[in-house]
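What follows is a single structure, written as structure tokens, with notes after it.
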Amino acid sequence: MADQHSPAEVKEELESTLESVDHAEELVMRTAREMGFDEDQQHEIGISLRECMVNAVVHGNRYNTRKKVHFTVSHTAERLEIVIGDDGDGFDSNKLPDPLAEENLLRQSGRGVLMMQAFMDEFTVSRRDPRGTEVRMVKYKTKSE
Amino acid sequence: MSVKLTTRQVGDVTVVDAEGRITLGDGATTFRDTVRDLGNAGNKKLLLNLAEVSYIDSSGIGEMVSGFTTITNQGGQVKLLNLTKRVKDLLQITKLYTVFEVFDDEATAVRSYK
């Protein structure tokens, strides 16, 4: 089994489909397991990955088959990094409605970013060049307080 | 991998036993359709048993909130039963723990309906 470990970095251009979400989840979860993240951490990574991929496919690329999801997962012994980019119109994360505000609690959507921020140790959103949005998420096996 | 929903009647309360994942795609859609159909059929006291739900994403949570709003607006009540630690954590992060009534015991939950 030792020779089946995930490479230090996997970079893929994925179709804008929900199948790509499952594919990315498989890759990331295999890496997280091999790195020795515990089950709760794996769950947090899995949820964050799915939220981010769904945002790229559904909100960023709007299922447009001509647009790709730019996916990279890389790791060291202690650190897992996921970078997901889309070819969409981009958005200002500071303008998202606060899902914890009383008036937004019963909204049907808008909780994905909150969940990623809660479950990952680092979460940044930036503009992609020439277009789109890129999200970078990092999870450490042991987070220093 | 999707969700399996089974309904049963306990007095005038409809218990929905959910099993699997409630995520974007099949799971969340199945969940939404089931709650809507129950409401349309006049079942206004719903108890969602989430003991066997391993995973809910933001779409699944959105459908739960949507179902809650729909049934409440029809004069009904939606309550939750047997949350796993992970689902409980999720509801706390999203502050929905303050919206839903949550129970660990079915009999107590059933008695709580007006």
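Each reported figure results from applying straightforward, stated rules to the coordinates on display, with no laboratory input. These figures come from a predicted structure and were not determined experimentally. Positions of Cβ are generated from backbone atoms using ideal geometry, with glycine treated the same way; all protein chains shown enter the neighbour counts.
Structural remarks
- Condition broken by B:Tyr113, with the remaining ones in (1) under 30 Å from A:Met53 (Cα atoms); (2) in contact (Cβ under 8 Å) with a residue 60 or more places away in the chain satisfied: (1)
- Every residue from region A:90-122 that is in contact (Cβ under 8 Å) with a residue 40 or more places away in the chain and more than 10 Å from chain B (Cβ to nearest Cβ): A:Gly90, A:Phe91, A:Met120
- Given (1) crowded, with 20+ Cβ neighbours inside 10 Å; (2) more than 14 Å from chain A (Cβ to nearest Cβ), number of the condition B:Ser112 does not satisfy: (1)
- A:Arg66, sole failed condition from (1) of a type in the set (Lys, Arg); (2) at the interface with chain B (Cβ under 10 Å from one of its Cβ atoms); (3) over 21 Å from A:Glu122 (Cα atoms): (2)
- Residue under evaluation B:Arg8, criteria (1) in contact with a Ser or Thr (Cβ under 9 Å, 6 or more places away or on another chain); (2) without any contact (Cβ under 8 Å) to a residue 24 or more places away in the chain; (3) at the interface with chain A (Cβ under 10 Å from one of its Cβ atoms); (4) among the basic types (Lys, Arg), criterion not met: (3)
- 2 or more residues within 18 Å of A:Val113 (Cα to Cα) and under 13 Å from the mean Cα position of the chain (by Cα): qualifying helices (runs of 4 or more DSSP H) within region B:44-114: B:58-73, B:85-93
- Tally of residues being at the interface with chain B (Cβ under 9 Å from one of its Cβ atoms), touching a helix residue (DSSP H, G or I) at 6+ places or on another chain (Cβ under 8 Å) and without any contact (Cβ under 8 Å) to a residue 40 or more places away in the chain across region A:33-60: 4
- Residue list for region B:85-108, restricted to those being touching a Leu at 6+ places or on another chain (Cβ under 7 Å), of a type outside the set (A, V, I, L, M, F, W, C) and within 14 Å of chain A (Cβ to nearest Cβ): B:Thr94, B:Lys95, B:Tyr97
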